[in-house]
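The values are calculated or read from the model by the stated rules, or taken from the named source; none is laboratory data. Because the structure is a prediction, the values reported are computed rather than measured. Here the Cβ is made from the backbone with ideal geometry for all residues, glycine too, and neighbour counts use every protein chain on show.
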Amino acid sequence: MKKLEKPDKFHLERLIQDLRNGRYVIPDFQRDFEWRPWDVVELIKSIFKDYYIGTLLLWKASNENLKKLSCEPIYGFSSKADPEHIVLDGQQRLSALYYAFFAPEKNYPRRAKRYLFFVNLEELISENYEEAVYYEWGTAKILKFLEDRNAQYEQKIFPLSVLGEKSYSWLRWIEGYEKYWMSKTDDKDAVKKDRDKIEKFFEDLITNYEVSYIELDRNIAVAKVCDIFTKINSTGIVLNIFDLLNAVLRPQDIFLKKMWGDVPNGFHVLEAKSLLQTMSILKQGYCAPSYLYYLVPGEKKFIRKPDGSKDSIVLVKTKEEFIELWNLVVERVGNILKIMENPRDFGVISPSKYMPYLTMIPIITAVYIERDKDLYKDKDDIDSKIKKWYWSSIFTKNYSSSVESQMTKDYYEIQEWFKDDSKVPRVVTQCISEIDSLDLKEEQTQSSAIYKAVFNILILKGAKDWNNFKLPEYSVLHDHHIVPSSWGKKRVGKLINSILNRTPLSDKTNSDVINDELPNVYIKKIFEKTKDQESVYKLFESHLISRKAIEILLREDFDENDFVEFIEERERLIKEEIDKLIGPKIIQTLRNDKNAAIDEIEIKVRNFIDHKLAHEHGPKYWKKAITSDIQEQVAKKVGKYLEKTPELAEKDIDDRRRLDFCDVMDYCKIIIVNWNLFADTFKSKSEVEKKFVNFKEYRNIVKHNREMESVVKKEGEAAIEWFDKLLRPFID
C-alpha cells in the first residue's frame, strides 16, 4: 500500500530512551496491558538469547491523530509524555519492557502490589539465560532490597530497572559491583573476569540487539489505520505466528493459509502452527515462535560460534525448499495420526477426543522421521524407545506447559538415546521413579491427559465387547461407568467419575448390559448367560478388571467401602500395565524385590562371562583367562565351601561354578583383562568400571539393609537396567 515504509530496526538503547521519554502512546481501541509477570520474564529471556521478538507497527504521531484516537501513555508511565509514535501492534511487548526496565510505582495490572524484575548474575555469567531472569512480588523486603546496592552486590542480583535509569547507570552499577567484590576476596582475577563478562553482555545487549519496526506515515487516514489494526489484531486476539508467517511469505508466492486449507480433513484436530513447528524441529531442533520466523526462505539466523563470535546461517534457501519441507511434513504427520489411531500402536482411537496431548504431534513426527534414517539398524529397538518416551511424557505431564522448550529437550535426548542405550532420557527415569506415587483416583475429567492415556491403554489391552466377547467397533466406543454414576453420586461423590471406574464400551452395550444396574446384578447375568466362566474372567481381564476385582463387584451388599476397594485393585493392575510400557521387566522386579533384581543381574553377568570365555577357550578356561589374584581368592572360598559340604569334591566345581565365588568387582576385572572378547558388547572400559562401581554400592546397601541416598539409588538402578539391556540378547 502507499506510504507504508519497509521494516526498519533500531537498537535496544534507542528503545529504552524512547520509553523513558514517553515517545510511545497507546490508542484507546487497544486492550489493556494484560501480560502476566511470567510473560514479561519470557520476553526478557528472548532478548537475552538474541531472539526475534516480533515487529512493532508504529504510526507517526500528530496532534490530530493523537486526539482522535484518545491516546494514553504506556502502562505505568507517570512523567510528561513526548509522543512520537502511536503503537498499533506491540503494546504488550512495549508495556512489558517499560514495567521491567523502569519499575514504575504502580501496581501490576489486576494485582495488589508491584512486581520487580531481576537478573541472577551467576546464571548470566554461565549463559544460562533460562534461569537468569526472574520476578519478585513487591513486598517491603524486596522494595528495600531494590534500594540497597550492597545487598544486590552481595547476592549477585542485578535489578533490571537499572537499565531504565540515566545513560550508563548500568555501567556504574557494575563498577560498584567490582569494587565491592574486590574488597571481599583475594581472587582479584576472578572478580575482574566476571565483571568483564557482565559488562560485555549488557553493552552488547544495549548497543547491538535490534528491534524491528514498521512506521506508518502520519498522514494516513485514521479509518485506514484502524482497518490495518483490525486485520492484525481482530477481536482482541494477538496476531499469531502462523498469521505472521502467512503475511511474510506472501511476497515470495508462498500462500500458507491456502496450503493449510489443502491438507486432509483429519489434520484439523491440530493447530495450524503444528506443521511449522515440525519443520522447525527438523531444521534447527527448536520450535518456539521466535524460531519459526527463520523458516522464511533466505532469512538469516544469527548464531554464536564456540569462540564467542557471531555468524549467520540460512535454514531454508528457496521457496521450493520450503514447499518441499512442508509437503514432507504433511505426509509424515498424516502417517503419525494413523499410527496414533491404531489400536495396537498407541490406542488413540479418536485423536480429537482421546489424544492426551495433541501438542506432541510435531515432536512425535520429528522423532519418527529421525527413526527412519539408515543410521539406526534395529528399528524394533528404536520403536520400543519411542513408546517408552511417549508414555513417560504423558504420565509425568511433561507436555502440560512449556511445550516448545520440552520438545527441544526431548528431541536432542531421544537422538542420544537412539545412539547410546545408556543415555536414557530424564523423562523416562523420572516416570519409572514416580509411577508408584501416581494417584489415578483423582483423574476424573475426560479432558485430563492421564485420563485419556489410561483409556488408550485399555484399547491397547484389547478391551472386548461385553455383549459378544469380541473386539469392538472402535468408532462407537465411549468411556462408560463400571459402577453406575446414579449409584455413586451421593455415596462417593466425584470419585465415581474416576478413570478407575470407566472403561471402553459402546452406548449399545452400556444400555443392553449395564442398564444402570450395579455390577452384582449385571455381571452375575453375564456369568449365567455364558457356560464358559473362564471366558468371562478373560473378558474382564481385557478391561484390566481382575478376578479379585470381580469378586468385590459381585458382593451382595455392595457399598462405598467395596467401591474404594475395587478401584484400588484396578489401580494396581493399571499401574502394572504402565510399568510394562515404560520399563523393562527388570524395573518391575526392582519395584517388587530389590534383592531379586540384584541376584538376577549377577547371574546374567556370570552367565555372560562364562558364555564368552567358554566360546573362546573351551569349558576349562579358568587358568587361561582369570588373573592369579582372583584364582587365589576363589580357591580359598571354594575350599571353605567344600569343608561345609563334604558330599562334594573339587572336581564337582566347574569353571562356571567358580564364577559364583567371585566378588562384583572381580567380574569387572575379568571383563577388562579379556577386553577383546567383551568390547563389542560394552564399548567403553570406563563405562563398564563406572557401572560395576554403582552396582556394587547399591548391592551392598540393599544386602545389608542400610539406608540409601537418592543418588546411589538412581545410579544403582540405572546400572541394573544398563546391564539388563546389554546382556538380554545373549542370555534370555
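Please count how many residues of segment 355-392 are in contact (Cβ under 8 Å) with a residue 60 or more places away in the chain and either more than 18 Å from the chain's Cα centre (by Cα) or outside the structural domain of LYS283 (by TED's automatic domain parsing) (or both).
Matching residues across segment 355-392 total 5.
Go through LYS575, LYS585 for me and flag whichever is at pLDDT below 85 and closer than 27 Å to GLU443 by Cβ.
Values: LYS575 fails: at pLDDT below 85.
One residue alone meets the criteria, LYS585.
Quick check: is even one residue across segment 653-663 within 21 Å of LYS703 (Cβ to Cβ), part of a helix (DSSP H, G or I) and among the hydrophobic types (A, V, I, L, M, F, W, C)?
Yes - at least one qualifying residue is present in segment 653-663.
Please pick out the residue among ILE731, ILE720 that is under 24 Å from LYS580 (Cα atoms), at pLDDT below 90 and over 31 Å from the mean Cα position of the chain (by Cα). Walk me through it before giving the result.
On the way: ILE720 fails: over 31 Å from the mean Cα position of the chain (by Cα).
Exactly one residue qualifies, and that residue is ILE731.
Enumerate the pairs (first residue in segment 160-187 and under 30 Å from ASP18 (Cβ atoms); second residue anywhere and acidic (Asp, Glu) and not in a helix (DSSP H, G or I)) with beta-carbon separation below 7 Å, excluding pairs fewer than 6 apart on the same chain, so at least 6 apart or on different chains.
none
For segment 542-580, give me each residue that is of a type in the set (Val, Ile, Thr) and in contact with a Phe, Trp or Tyr (Cβ under 9 Å, 6 or more places away or on another chain).
ILE545, ILE550, ILE552, ILE578
Among the listed residues GLY76, GLY54, identify the single one that is on the phi > 0 side of the Ramachandran plot, at pLDDT 90 or above and in the same structural domain as PHE202 (by TED's automatic domain parsing). Break it down stepwise before answering.
Numbers: GLY54 fails: at pLDDT 90 or above.
After applying the criteria, what remains is GLY76.
If I ask for residues that are at pLDDT 90 or above and surrounded by 18 or more Cβ atoms within 10 Å (Cβ to Cβ), which ones from segment 404-414 would you list?
If the condition is that a residue be at pLDDT 90 or above and surrounded by 18 or more Cβ atoms within 10 Å (Cβ to Cβ), then GLN406, MET407, THR408, ASP410, TYR411, ILE414 are the ones that fit.
Yes or no: segment 675-685 includes at least one residue that is of a type in the set (Asp, Glu), within 52 Å of the chain's Cα centre (by Cα) and not in a loop (DSSP other than H, G, I, E, B).
yes
Kindly indicate which of PHE202, PHE117 is within 30 Å of the chain's Cα centre (by Cα) and either assigned to a helix (DSSP H, G or I) or in the same structural domain as LEU12 (by TED's automatic domain parsing) (or both).
PHE117
Go through segment 309-402 and tell me which helices (runs of 4 or more DSSP H), entirely inside it, have 3 or more residues that are closer than 18 Å to LYS580 by Cβ.
The helices (runs of 4 or more DSSP H) meeting that bar are 379-395.
In segment 56-72, what count of residues is obtained for those that are crowded, with 19+ Cβ neighbours inside 10 Å and in contact with a strand residue (DSSP E or B) (Cβ under 6 Å, 6 or more places away or on another chain)?
Total meeting the criteria: 6.
Consider SER710 against the criteria (1) modelled with pLDDT of 85 or more; (2) over 28 Å from ASP381 (Cβ atoms): it satisfies all of them except one. Which criterion is unmet?
Looking at each condition in turn, SER710 falls short on (1).
Taking only segment 638-653 into account, find how many residues are within 22 Å of PRO619 (Cα to Cα) and either touching a residue at least 60 places away in the same chain (Cβ under 8 Å) or loosely packed, with under 14 Cβ neighbours inside 10 Å (or both).
Within segment 638-653, residues that are within 22 Å of PRO619 (Cα to Cα) and either touching a residue at least 60 places away in the same chain (Cβ under 8 Å) or loosely packed, with under 14 Cβ neighbours inside 10 Å (or both) number 6.
Among the residues of segment 81-93, which ones are in contact with a Leu (Cβ under 8 Å, 6 or more places away or on another chain) and closer than 15 Å to TRP38 by Cα? It would help to see each step written out before you state the result.
So the first thing to find is which residues in segment 81-93 are in contact with a Leu (Cβ under 8 Å, 6 or more places away or on another chain), and the list is 83, 85-90, 93.
Once the filter is applied, which keeps residues that are in contact with a Leu (Cβ under 8 Å, 6 or more places away or on another chain) and closer than 15 Å to TRP38 by Cα, segment 81-93 yields only ARG93.
Answer yes if at least one residue in segment 709-717 is more than 20 Å from ASP666 (Cα to Cα) and either of a type in the set (Gly, Ala, Ser) or outside the structural domain of ASP599 (by TED's automatic domain parsing) (or both), and no otherwise.
Within segment 709-717, one or more residues are more than 20 Å from ASP666 (Cα to Cα) and either of a type in the set (Gly, Ala, Ser) or outside the structural domain of ASP599 (by TED's automatic domain parsing) (or both).
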